[in-house]
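One structure is given below, encoded as structure tokens.
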């Protein structure tokens, strides 16, 4: 979202990881829904528990993906990080 008070940002921004790697960050749009679904599907139960503070069921995961893929606004922005071609994580 661009406004006179908020300049446009690049579509992708590279960031240095603590171990010296590079991730590419970008805003989440609905086109990333399948990649986020795969990220959660492939995650271990312990990883999901740490992210959701419980063992999430299918409905919780679907609601989380819906929330991440909602349109950007002045009050909401979700980001994802790719390490090469692999989705490494999401944040909001």
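Using only Cα atoms and rounding to the nearest 10 degrees, what angle (0 to 90) does helix 58-68 make with the longest principal axis of the chain?
10
Explain nothing, just the number: relative contact order of the chain, from Cα pairs under 8 Å at least 6 residues apart, as a whole percent.
On the way: 100 pairs, mean separation 28.5, N = 92.
Relative contact order comes out at 31 percent.
Per DSSP helix of 4 or more residues, -39500 (n - 2.57); summed, then divided by the residues of the chain. What does that give at 222 nm, rounded to the nearest 500?
-9000 deg cm²/dmol
So, by mean Cβ neighbours within 10 angstrom, what's the order for 22-32, 56-66 with the highest one leading?
Details: 22-32: 15.3, 56-66: 13.5.
Peptide ranking by packing, descending: 22-32, 56-66.
Using only the alpha-carbon atoms, how far is helix 33-42 inclined from the longest principal axis of the chain? Give it as 0 to 90 degrees, nearest 10.
40
Where a number appears in this text, it was derived from the coordinates with a stated rule and is not lab data. Quantities reported herein were computed from a predicted structural model and do not represent experimental measurements. All Cβ positions, glycine included, derive from the backbone under ideal geometry; neighbour counts span all protein chains shown.
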